[in-house]
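Below is one structure, written out as structure tokens; comments come after it.
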Amino acid sequence: MDGELEAAVSRVLDSGWFLLGPELEQFEREFATHCGTRHCVGVGSGLSAIELALRAAGVGPGDQVLVPAYTWVATWLGVSRAGAQPVGVDVEPATYSIDPERIAESITPSTAAILPVHLRGEPADMDAISAIAAQHDLLVIEDAAQAHGARFRGRRVGGLGDAAAFSFYPTKNLGAPGDGGAVTTDDDELADRVRLLRNYGMRDRHRVEEAGVNSRLAEIQAAALRVLLPRLEDWNRARTDLAGRYLGALGGCAEIMLPTVGSQSEPAWHLFVIGHPDRDACADALAEAGIETLIHYPVLPHRSGPYRELWPPGSFPVAERLAAAALSLPLRPHLEPADCDRVSEAVLASVEPRLSA
Ligand SMILES: Cc1ncc(COP(=O)(O)O)c(C=O)c1O
């Protein structure tokens, strides 16, 4: 990056202005333009972005928010942080995304919003979700933490609902050198409320209007993100090429479940997750070959501490079945195609012994 990141950080250090300054303002304009929304409001993390988007939209205590059973627990925690109740909905087997057919049966008089997650960078079925939301007068808040730059029907995620939450955690497609997040929206009032809430609920010095939080995207992070954002599209293209390579190499193997891409979507390929009949053995075999894999997620949100009393094992059969088989293969923009091929060969070899057994 030829010292651009260092120069951006130095610019902030030299300025002595570390919070709510010109870098943040510029980044907010640039990221809003990227998403095709009127507003972007930088906040301290993706978790805060979910909480503040919901609170700013008027969702809080007494409200229920429909969330997919298959996601990182932060989706559910963001709802809890807003004071509302996350209500899990099982997912579609092919896409791991919230199943629109199951949304309707989960709606109660307390339901205020649907919070679809563009998991692994693949946009959720926003046509079906928006139609149900319109029918029942519900808000739609996107969790776009894993999907910077992904498109649905040619439109970028972040502008497909009433508001969206992004994370700039370092490993995300657009990752800062530290924590960060943002809310995007076309709604002037909602954006104004997120600005208020991220800074103690303070309208101006000494005038606190409501109980806000301290969750601001720091100037250093914003300056770094301004350097990285123009590269996002190229990096996503590189991810897409590698995903295509995996799909080509593994496509002939009936034992392995491959990610599917909706006909309307251009995914950001944050992760490349396969379903493997003997996931742990495959992960061990790959580790022995020096290939690092990850499991997203060994414990689903409903089995995490805050929620496990309410949702026993078996509450979400599809999500639980998918989670038991899921293995994330290496995928990053600078992965060499030859390394990608080596991973595919190792995965295929891990299936073959089962076939001959
Ligand atoms: C789907 C999803 N939602 C929310 C978050 C929370 O983002 P953060 O780690 O910035 O709080 C993450 C990332 O960790 C995520 O993957």
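The values are calculated or read from the model by the stated rules, or taken from the named source; none is laboratory data. From a predicted model like this one, the values you see are computed outputs, not experimental measurements. Glycine also receives a Cβ, built like all others from the backbone with ideal geometry; neighbour counts cover every protein chain displayed. Protein only, heavy atoms only, side chains kept; ligands, DNA and RNA dropped before computing areas. Shrake-Rupley method; radii C 1.70, N 1.55, O 1.52, S 1.80 Å.
Within the range 254-268, which residues are open to solvent by 20 Å² or more (accessible area, probe 1.4 Å) and either closer than 21 Å to Leu174 by Cβ or in contact with a His (Cβ under 9 Å, 6 or more places away or on another chain) (or both)?
Glu255, Met257, Val261, Glu266, Pro267
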Which one is nearest to Gly314 (Cα to Cα) among residues in the range 47-96 that are surrounded by fewer than 24 Cβ atoms within 10 Å (Cβ to Cβ) and among the hydroxyl-bearing types (Ser, Thr, Tyr)?
Thr95
Which residue pairs have Cβ atoms under 7 Å apart, sit 6 or more places apart or on different chains, and have a first residue in the range 170-182 that is at negative phi and a second that is among the aromatic types (Phe, Trp, Tyr) and open to solvent by 20 Å² or more (accessible area, probe 1.4 Å)?
Asn173/Trp235; Gly175/Tyr169; Asp179/Tyr169
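Scan the range 297-323 for residues that are part of a loop (DSSP other than H, G, I, E, B) and hydrophobic (A, V, I, L, M, F, W, C) and report the count.
Residues flagged as part of a loop (DSSP other than H, G, I, E, B) and hydrophobic (A, V, I, L, M, F, W, C) within the range 297-323 amount to 5.
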Look at Ala249 and say whether it is surrounded by fewer than 20 Cβ atoms within 10 Å (Cβ to Cβ), touching a strand residue (DSSP E or B) at 6+ places or on another chain (Cβ under 7 Å), in contact (Cβ under 8 Å) with a residue 60 or more places away in the chain and of a type outside the set (Asp, Glu).
no
Taking the range 181-196 on its own, how many of its residues are touching a Ser or Thr at 6+ places or on another chain (Cβ under 6 Å) and either farther than 15 Å from Gly36 by Cβ or open to solvent by 10 Å² or more (accessible area, probe 1.4 Å) (or both)?
2
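Can you give me the number of residues within the range 13-34 that are touching a Gly at 6+ places or on another chain (Cβ under 6 Å) and either open to solvent by 10 Å² or more (accessible area, probe 1.4 Å) or within 16 Å of the ligand (Cβ to nearest atom) (or both)?
Result for the range 13-34: 1.
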Cys340 fails exactly one of (1) surrounded by 17 or more Cβ atoms within 10 Å (Cβ to Cβ); (2) outside any helix (DSSP H, G or I); (3) among the hydrophobic types (A, V, I, L, M, F, W, C), namely (2)
